[in-house]
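Here's the structure, in structure tokens; my notes come after.
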Amino acid sequence: MGPSVFSAWTRISPAPSMTRIDFYILSSDQPQQADIFACRLAEKAYRSGLRVLVAVDNRDHASQIDQLLWTFREDSFLPHAAQSEEQHSAIEINSGEDPGTHHGLLINLCSKVPKWFSRFERLAEIVVQHPDTLQRSRLRFGHFRDRGYPLQSHKIN
């Protein structure tokens, strides 16, 4: 993952005009690689000063992401927690709750796009070379394009 993928990341004001959507296209066909890349992306965004919300379909997947954020790199600590009203963290994991005050980066690992995605400045969609994932991603890309969202694609090796 080279610096050019993230070179445009800066702190953005909390009132975006339209969500920027980035598709990160991985060369792997293994679905778990999306989770690992999501952790790398969350780390880069956190180091750039953005609050991050990682959205997943259920609590089991949230637990997997929580564990992975602790272990995906030996030399890195990322402050993270499950999303809650009582506690806030730089990186939060959402398993269907309202995103609350989040508006920075949404990393979507859900099977569907959360209805509230447009509250965010940026949305990251991670694509692996698996037939089901590719089909969903193509439909999402077309949906966003047809509605005028700014789209970027990044091939990740």
Placed amide H near residue 121: partners under 5 Å, 5+ positions off or other chain: 104
Local electrostatic count at residue 138 - Lys and Arg +1, Asp and Glu -1, tallied over other residues with Cβ under 13 Å: 0
For residue 126, residues with placed amide H under 5 Å, excluding near neighbours: 24, 108
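Can you give the local net charge around residue 72? Use residues other than it whose beta-carbon is closer than 10 angstrom to its beta-carbon, Lys and Arg +1, Asp and Glu -1. Intermediate values should be presented prior to the final figure.
Working: positive: 40, 73; negative: 35, 43, 74.
Charge balance near residue 72 sits at -1.
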Inter-part distance where segment 66-90 and segment 95-157 are each reduced to a Cα centre, Å: 21
Within the chain, longest stretch free of exposed trypsin sites (Lys or Arg not before Pro) [DSSP loop, at most 14 other beta carbons within 10 Å]: 12-72
Candidates per GluC sites (Glu not before Pro) in segment 67-118, loop by DSSP, up to 10 other Cβ within 10 Å: 74, 85, 86
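Each value in this text was obtained by applying a stated rule to the coordinates, not by laboratory testing. Not measured: the values here are computed from a predicted model. For neighbour counting, all protein chains shown are included, and Cβ atoms are generated from backbone atoms with ideal geometry for every residue, glycine included.
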